[in-house]
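The values are calculated or read from the model by the stated rules, or taken from the named source; none is laboratory data. Keep in mind the model is a prediction, meaning the values are calculated, not measured. Using ideal geometry, Cβ is built from the backbone for each residue, glycine included, and neighbour counts are taken over all protein chains shown. Note: accessible area is taken over every heavy atom of the protein model, side chains too, but ligands, DNA and RNA are not part of it. Shrake-Rupley method; radii C 1.70, N 1.55, O 1.52, S 1.80 Å.
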Amino acid sequence: SMELTFSDEPALRDTLREDLSREALEMARRLGAPAAIALACRARWIAAWGPEGLDERSALAEEILHLAWETGDRALELVGRARRITCSTQAGDIGAAEIDIAAHARLAGELHMPYHEWTAMTLRAGRVLLDGSFGAAEKLAEEALSLLPGRPGAPQAHFNQATLIRWEQSRLGELHEAWQG
């Protein structure tokens, strides 16, 4: 189901991804294998994207976190916190998001995991952007990019954040050349 997320066929993608993610999660829960449940929760979280899926995604983020705590899987805790941050932000619970952003950043630093350190910095950039701190958001976004300059997806995530920042600053024209390339 995760592979279908980027399919060029929306009808197939949405229907099949929905069915496969539900089936995978049911199967993993039946088997009772924590690693399989965690992976299926992650796939289902993506498949349930959209405003109508917020409650389900929030529950899945909690399930991922509980699995992480039960198994002592600290890397999985980072994934669960990132998912819960997204859900809290979408629900407008910025206080909860801030708590998880701080915990995520602390744990990513303790584990010295570059991808998760990048994620933490990107989350912090998004958070300060919500406050209208455009300079701070831009600095954090640049710092995040410097953590994983060659990783696929990192430049695109940076560009997405830069677009939001420039939009809010009424400076979108500065990105015109990048959009053309």
TODO: Check whether at least one residue in region 118-129 is surrounded by fewer than 16 Cβ atoms within 10 Å (Cβ to Cβ) and free of Cβ contacts under 8 Å to residues at least 40 places away in the same chain, and report yes or no.
DONE: no
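Any idea which of Ala24, Ala28, Ala11, Ala38 is more than 19 Å from Arg57 (Cβ to Cβ) and assigned to a helix (DSSP H, G or I)? Explain how you work it out, then say what you get.
On the way: Ala24 fails: more than 19 Å from Arg57 (Cβ to Cβ); Ala28 fails: more than 19 Å from Arg57 (Cβ to Cβ); Ala38 fails: more than 19 Å from Arg57 (Cβ to Cβ).
One residue alone meets the criteria, Ala11.
Residues of region 98-110 being among the charged types (D, E, K, R) and surrounded by 15 or more Cβ atoms within 10 Å (Cβ to Cβ), which ones?
So the first thing to find is which residues in region 98-110 are among the charged types (D, E, K, R), and the list is 98, 100, 106, 110.
Passing the criteria: Glu98, Asp100.
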Task: Cβ-Cβ under 7 Å pairs, at least 6 apart or on other chains, region 165-180 side under 16 Å from Lys139 (Cβ atoms) and open to solvent by 100 Å² or more (accessible area, probe 1.4 Å), far side hydrophobic (A, V, I, L, M, F, W, C) and assigned to a helix (DSSP H, G or I) - done: Glu168/Phe134
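Out of Ala154, Ala144, I need the residue that is modelled with pLDDT under 90, under 16 Å from the mean Cα position of the chain (by Cα) and open to solvent by less than 30 Å² (accessible area, probe 1.4 Å). Which one? Quick ask: steps written out before the conclusion?
On the way: Ala144 fails: modelled with pLDDT under 90.
Exactly one residue qualifies, and that residue is Ala154.
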TODO: Residues being of a type in the set (A, V, I, L, M), surrounded by 20 or more Cβ atoms within 10 Å (Cβ to Cβ) and in contact (Cβ under 8 Å) with a residue 40 or more places away in the chain: count how many of those fall in region 39-59.
DONE: 2
- [ ] Hey, could you check region 60-97 for residues that are assigned to a helix (DSSP H, G or I) and of a type in the set (Asp, Glu) and say which is least open to solvent (accessible area, probe 1.4 Å)?
- [x] Glu77
TODO: Name every residue in region 15-37 that is over 30 Å from Gly72 (Cβ atoms) and open to solvent by 70 Å² or more (accessible area, probe 1.4 Å), in order of residue number.
DONE: Thr15, Asp19
